Amino acid sequence: MYAVPFTENPTATVMYGPSVTDNVYNTLFVGDSLYAATSKGHIYLQLPNTTDWIPLTSGGPGYGGKLFRINGRFFLPRVTDIRYSDDGLLFQTLPVEGLNISPTEITTIYDMIGVDSVIIAATEMGIFFSTDKGEHWLPFDSGLPETENNYLPAWDLTVHNGVVYAAMLRQGIWQRTVAIGSSFGVVYRDDNQNGIQEPGEPPLPNIKVLGVLSDNLSLTDSAGRYTLVFDLPGDTVRTIAPVVYNSIQPYYRLVNGIRQNQDFGVWFQPDVTDLGISATHTAAMRPGFDNSLHLRVSNTGTKSVEATVGLKLPADVQYLGADPAPDLVLGDSLVWLNASIPFLGSADFEVQIQLASTIPLGTLLTFHSRVLPENTDQNSTDNTFALETTVVGAYDPNDKQVWPGDHITPDDVAAGVPLRYIIRFQNTGTYPAERVRLVDTLDADLDLATLSVLGASHPFTWQIKAGHVLEIVFDQIMLPDSNTNEAASHGFFSFSIAAKRALPIGTPLLNQAAIYFDYNSPIYTNTTFTQVSFESVVSNPADPSLFLQFFPNPVSTKCTVLTPSNGGTLALYSATGILLQMWPDCPEQVEINMPGVVNGLYYFRWEKGKDVVLAPVVIGQ
């Protein structure tokens, strides 16, 4: 910028651009060379002392945006991908993870800046950062307000004295320091236990790597590589092996700043047989309706094993078919012989059933499953599994369930006994869903290191995002709508996770999932509730009429409560058990004014005779 004397009339010089049929998004000088990026994804270069424009990219099919140069690398974000160049001449497609909004599109990038070796991007989905030259991206959103779609668009970025300033959509300006740590490396099979990956020692995919202080989790890819980035300048990183019969070199790594080649070698004790079995069902059990059972046999030993798998059906449940088909059908029992369970893998069995139309509501059904390996099992306690479920009538097909239910004892918490969760969904629209995404913000008192996938209805990918967010994506699921194919319109994802040790009595564990069909607004499940306590919060869990409903939730100043029956006593308690208000002789539906209390977690308790129900409620604006 320069000052113009009053006696001069400044004029603009016409500079013929690279294309007359395209819009120029921005220009960028590198030395005396001028680059131009166009709306059709083209990049042109004009060398010093010339008027010719040299095309550097072919453009299309991904229409482009601004051209950026950060830490010596050029970036051209497009609709479908990011093109990059390290020499300013050869532009290639950058493999990007973390910015995708579909298998063929990435989020719109409005601005990019560099702070030391960190790249920060302002996008339609919020602010993200990368520490590996733009290949892997994670949210950079600590302190930003939460929104319905879990993102907040950012338009512009600038940095001053190590502080990033972001212009946000309808949220003013947000600022924060750039304090980031990261660890990159490979997890491999260390057969000779020397802590060095050598020829013949393969990488290990799907291995959990944990940031201890940041409580962050990463999974290794097919090449054993992991990327763990945390919102802290330093952390302790360790690998969580999928079986207990192992030795890891090193046991942990200290990370300060950005560190690469943080490799971990895993040695497995040879010839250990250890199998476990679990079961779940796709939809609620209803009289006269078809349903699906999902059995998973997991190999937690150190070698591939063959086994016999069995399932016993309860009365009033008819077997319709299975994939794979059982070798034996003996009345109410199904048997699979010589089932192969690979090392570090699992085997799945899908069983189609139908409930009798005459089965009473409230009936408790128990499905008994068992696995018997060909060799002696090192730990036979998980060779059997009893799936218990209650027959219901009308229900919400998009829900979340937890076992053992509304309470877990302090002894079980101390022993690391996991909670089992299932998220169930159904396409009740009018057209097949191509993509289903589940977003589950796990309770902060759950231990990410113990997270284990138990099964799913369709092929999926999963990851842990910042803030204890579990994301599951079913891409190309092609889930039919319920009007076209009711039985096939259901899906589920099941996992287990233990509570953190030494939680005090009374600690609630709350979870709710959001279900996204294609790119529609989310459907929210119910909130599951499990409390660290010695007694159930429902006096008779098998009685489906014993439940409390209240809306809206969160509650502000008023709410409607639906109780199990007329004449009970309803009370509101704080999270620490202090009685705040009581409504005696309460009708089945009651409109109540909430007392003036601070926002947070509270409990409604309903009691009538021997029947007792306790349910959590969130009071907030």
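The values are calculated or read from the model by the stated rules, or taken from the named source; none is laboratory data. These numbers were taken from a predicted model, which means no experiment stands behind them. Every residue, glycine as well, gets a Cβ built from its backbone with ideal geometry; the counts of neighbours run over all protein chains shown. For the accessible areas, the whole protein counts, side chains as well, though only heavy atoms, and no ligand, DNA or RNA atoms are used. Shrake-Rupley method; radii C 1.70, N 1.55, O 1.52, S 1.80 Å.
Is the range 210-295 rounded, prolate or oblate when judged by the Cα gyration tensor, a ≥ b ≥ c being the square roots of its eigenvalues, rounded requiring a/c under 1.5 and prolate requiring a/b larger than b/c?
Judged from the Cα gyration tensor, the range 210-295 comes out oblate (a/c at least 1.5, b/c at or above a/b).
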Could you work out Rg/(2.2 N^0.38 Å) for the range 391-527, with Rg from alpha carbons only?
1.11
Using the basic label-point model (7 angstrom from Cα toward the beta carbon), what is the ASP86 to SER380 distance in nanometres?
5.8 nm
Measure of compaction for the range 269-363 (Cα Rg per 2.2 N^0.38 Å)
1.23
From the Cα gyration tensor of the range 73-117, with a ≥ b ≥ c the square roots of its eigenvalues, which class applies: rounded if a/c is under 1.5, or else prolate if a/b is larger than b/c, or else oblate?
oblate
Contour excess over end-to-end distance, with Cα ends at LEU169 and LEU254 and 0.36 nm allotted per residue
26.8 nm
D (µm²/s, integer) via Stokes-Einstein for the chain, Kirkwood Rh across alpha-carbon pairs, 25 °C, 0.890 mPa s: value 88 µm²/s
Trypsin sites (Lys or Arg not before Pro), loop per DSSP, at most 12 other Cβ atoms within 10 Å - longest free stretch of the chain
171-500
Long-range amide H partners of LEU320, meaning residues 5 or more apart or on another chain whose placed amide H is closer than 5 Å, are GLN352, ILE353, GLN354
Apply the Karplus parameterisation 6.51 cos²θ - 1.76 cosθ + 1.60, with θ equal to phi minus 60°, to every residue of the range 31-36 and state each ³J(HN,Hα) to the nearest whole Hz, in sequence, with x for glycine and proline.
x, 9, 8, 10, 10, 9
Largest-first ranking of HIS42, HIS281 by accessible area, probe 1.4 Å, whole protein assembly kept, is HIS42, HIS281
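Summing +1 for each Lys or Arg and -1 for each Asp or Glu, what net charge is found among the other residues whose Cβ lies under 11 Å from the Cβ of SER340?
After counting each charged neighbour, the total is -2.
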Exposed GluC sites (Glu not before Pro) being those in a DSSP loop with at most 14 other Cβ atoms within 10 Å, the longest stretch of the chain free of them is 149-373
Quick check: at a probe of 1.4 Å, how many percent of the accessible area of the chain sits on carbon and sulfur atoms?
52 percent
So how compact is the range 319-448: Cα radius of gyration and Dmax in angstrom?
18.3, 51
Counting only DSSP beta bridges with both residues in the chain, what percent are antiparallel, rounded to the nearest 5?
95 percent
Treating every alpha carbon of the range 193-254 as one equal point scatterer without solvent, the Debye formula yields log10 I(q)/I(0) values at q = 0.16 Å⁻¹ of -0.55
Over the chain, what relative contact order in percent results from Cα pairs under 8 Å that are six or more residues apart?
7 percent
Determine the calculated [θ] at 222 nm for the chain from helices alone, applying -39500 (n - 2.57) to every DSSP H run no shorter than 4 residues and normalising by the residue count; nearest 500 deg cm²/dmol.
0 deg cm²/dmol
Projected area averaged over orientations for the range 274-319, convex hull of C-alpha atoms, nm²
4.0 nm²
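Tell me, what is the per residue accessible area of the chain in Å², probe radius 1.4 Å?
On a per-residue basis, the chain sits at 48 Å².
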Considering the Cα trace of the range 166-205, what is its radius of gyration and what is Dmax, both in angstroms?
20.9, 58
Just how much of THR484 is accessible, in Å², when a 1.4 Å probe is used and the result is rounded to the nearest 10?
110 Å²
In nm, to one decimal, how far is the modelled label at LEU47 from the one at ASP271, with both set 7 Å along Cα→Cβ?
7.0 nm
